[in-house]
Amino acid sequence: MFATKGWWNPLSVRQRFEAFMKEQADMDLPILACVSGGVDSMALMHLLYCLCPRRLHVFHLNHQLRPDAAADAQLVEDTAKQWQLPVHVYSYDVAAHAAQSGQSIQAAARQVRLQYMEHCAQHFRCHLMATGHHWNDRAETVLMRILRGTGVPGLTGIKPVSGRLIRPLLQCTKEELYAYCRQEDVPYREDPSNAGEAYFRNRVRHRVLPVLKEESPAVEQHLNTLAVLAEEDNDFLEMEAEALFETLADRTRERLALDRGRLRSLHPALQRRVLRQFVFAAQGHTRRLGYGHVERLRQLALGQGAFETDIPSLRIEGTANIIQVGEPDREEEWQDAAVPLSVPGTVDWETGVISADWVQGSAAAAQVSPPGVEYFDARTLQRPLVVRRRRPGDSMQVFGGGHKKIKDILMDAKVPRHDRGRLPVICDQRNILWIPGVRRSEKGRITSETKEIIRLTFSPVTHCHG
């Protein structure tokens with residue numbers, strides 16, 4: 001793990017950055033730099049440009065939240081072109097998405113940004129996505145989580161590496177990044193919203209941290225040290241819990257169960273983590289799963305009687321010997337007929353609407369498609385297209401890769417068991433083309449020879465709860 005040494009680090013920004021990248025990245029593979037136009041991400045873009053200019057792609061998303069946001073996008077695009085870097089600029093109405101989804105503006109912005117980043121990285125086969133989070137960001141994040149209430153996992157703050165996402169500047173302070181940009185003549189823009197106090201992070205930055213610094217001038221260093229130590233402790237406990245979960249769990253096609261007696265024998269810290277592993281294995285995520293949910297489930301599991309309890313998106317049952325989740329797959333899932341999809345045309349599915357239409361000329365469709373949209377070379381498809389459920393033995397040649405079983409693709413994508421039978425599988429007469437929200441196939445890739453294009457769109461349904 002790459003420990004943060006903070007403002008006294010004797011190495012230069014570039015030395016720290018290059019040491020991190022040497023440890024974490026393969027410079028022979030494409031990397032996507034996520035650039036907002038601010039000083040931190042522009043410094044990141046320049047550092048990557050100096051280190052691996054031939055393998056760098058630049059990504060920017062205009063969130064449409066400020067009148068001058070277009071100027072940020074223009075700076076990123078102009079600078080990337082000046083440095084002869086491929087640049088991919090997108091625009092999305094985040095405020096409208098937040099209002100529709102019920103999320104905060106910041107949560108909606110993170111969700112949309114990550115979706116576009118992942119899609120862009122996949123399209124251009126970038127093995128890593130780099131962001132400009134720095135030393136001060138991590139200190140603020142740890143403090144915010146303490147104020148909101150958190151356990152050891154939350155104290156890790158912003159991790160240097162999280163899956164394909166890397167943050168090479170966590171060892172650098174914002175002041176150092178300003179100095180770097182001045183020294184290297186790197187342009188950047190200031191986001192005026194950072195000076196306001198509309199967002200919780202800004203209030204922590206402008207109100208809380210200055211008061212704490214009066215009592216402890218090194219408070220940001222202490223918070224960063226806490227994050228490093230918490231990450232090491234949490235990683236160890238998570239590895240132990242994961243190994244224990246595999247010995248306690250019983251998986252079948254119909255059910256996921258956990259040995260209740262052996263769970264009781266564990267230390268409480270491991271019991272909680274094993275139960276979180278259980279929930280993750282059952283539904284592919286632990287979103288909205290708080291301490292209260294886990295603790296209630298733990299207390300029920302430690303008891304003796306049978307029980308049923310609901311946690312976010314999941315019902316868990318307990319018998320004398322096990323706790324379990326899941327139910328047998330419905331036989332009709334494997335027997336549903338394929339529904340024809342005309343071009344143009346639409347198919348109403350239980351999880352959303354699939355539509356198909358024509359796009360003339362390859363230039364427009366060769367661009368990266370937004371989430372929920374994929375383009376296919378019409379001449380390579382055997383029409384008519386159809387929409388159906390998954391079937392035993394289904395496989396697909398994934399985009400940019402080899403053949404994989406659909407079962408493995410859904411498991412890799414962490415799709416919950418109970419949702420797998422509901423997903424639409426879009427096919428031509430020979431092959432699976434696309435599982436919306438999961439993966440598309442290599443078949444139908446747009447090339448310079450493409451003349452006729454079929455655009456497939458998936459619009460998920462929005463459920464209202466009264």
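The values are calculated or read from the model by the stated rules, or taken from the named source; none is laboratory data. Here the structure is a predicted model, which means the values were calculated and not measured. Because the Cβ atoms are built from the backbone with ideal geometry, glycine has one as well, and the counts that use them run over all protein chains shown.
Observations on the structure shown:
- Check on ALA109, small (Gly, Ala, Ser), closer than 29 Å to GLY157 by Cβ and in contact with a strand residue (DSSP E or B) (Cβ under 8 Å, 6 or more places away or on another chain): no
- Single unsatisfied condition, ARG296 versus (1) modelled with pLDDT under 90; (2) over 30 Å from ALA121 (Cα atoms); (3) among the basic types (Lys, Arg): (1)
- Flag if GLN24 is on the phi < 0 side of the Ramachandran plot, touching a residue at least 40 places away in the same chain (Cβ under 8 Å), surrounded by fewer than 16 Cβ atoms within 10 Å (Cβ to Cβ) and within 20 Å of the chain's Cα centre (by Cα): yes
- Residue in the stretch 320-332 that is farthest from the chain's Cα centre (by Cα), counting only those that are modelled with pLDDT under 90 and surrounded by fewer than 14 Cβ atoms within 10 Å (Cβ to Cβ): ALA320
- Some residue of the stretch 228-242 being touching a Ser or Thr at 6+ places or on another chain (Cβ under 6 Å), touching a residue at least 60 places away in the same chain (Cβ under 8 Å) and small (Gly, Ala, Ser): yes
- Residues being assigned to a helix (DSSP H, G or I) and either within 14 Å of GLN122 (Cα to Cα) or at pLDDT below 90 (or both) - total across the stretch 365-390: 1
- Matching residues, the stretch 176-208, being among the acidic types (Asp, Glu), closer than 17 Å to HIS133 by Cα and at pLDDT below 95: GLU190, ASP191
- When GLY352 is tested against (1) farther than 30 Å from ALA107 by Cβ; (2) modelled with pLDDT of 85 or more, just one condition goes unmet, and that condition is (1).
- Residue match in the stretch 135-145 (condition: assigned to a helix (DSSP H, G or I), among the basic types (Lys, Arg) and not assigned by TED's automatic domain parsing to the domain that holds ARG287): yes
- No other residue among ALA25, ALA19 is within 18 Å of LEU177 (Cβ to Cβ), in the same structural domain as VAL76 (by TED's automatic domain parsing) and among the small types (Gly, Ala, Ser) apart from ALA19.
- Against the list (1) at pLDDT 90 or above; (2) over 30 Å from GLY393 (Cβ atoms); (3) out of contact with any strand residue (DSSP E or B) (no Cβ under 8 Å at 6 or more places or on another chain), the condition VAL274 fails is (3).
- Within the stretch 401-415, tally of residues that are surrounded by fewer than 17 Cβ atoms within 10 Å (Cβ to Cβ) and in contact (Cβ under 8 Å) with a residue 60 or more places away in the chain: 2
- Members of the stretch 77-88 that are loosely packed, with under 15 Cβ neighbours inside 10 Å, of a type outside the set (S, T, N, Q) and not in a helix (DSSP H, G or I): PRO86
- Residue within the stretch 93-111 that is farther than 23 Å from ARG287 by Cα and assigned by TED's automatic domain parsing to the domain that holds TYR180 present: yes
- Test for GLN103: is it of a type outside the set (D, E, K, R), at positive phi and free of Cβ contacts under 8 Å to residues at least 60 places away in the same chain: no
- Selection of first residues in the stretch 379-400 that are without any contact (Cβ under 8 Å) to a residue 24 or more places away in the chain and of second residues that are loosely packed, with under 15 Cβ neighbours inside 10 Å, restricted to Cβ pairs under 8 Å at least 6 apart or on distinct chains, gives the following pairs, ordered by first then second residue: GLY393/LYS405.
- Applying the condition of being within 15 Å of SER36 (Cα to Cα) and touching a Leu at 6+ places or on another chain (Cβ under 7 Å) to the stretch 64-93 and asking which residue is modelled with the lowest pLDDT yields TYR92.
- Criterion (farther than 30 Å from GLN277 by Cβ and surrounded by 15 or more Cβ atoms within 10 Å (Cβ to Cβ)) met by exactly one of LEU433, LEU423: LEU433
- In this structure, ALA96 does not satisfy being without any contact (Cβ under 8 Å) to a residue 24 or more places away in the chain and in contact with a Ser or Thr (Cβ under 9 Å, 6 or more places away or on another chain).
- Scanning the stretch 28-76 for residues that are buried (at least 17 other Cβ atoms within 10 Å of the Cβ) and of a type in the set (Gly, Ala, Ser) yields ALA33, SER36, GLY37, GLY38, SER41, ALA43, ALA69, ALA73.
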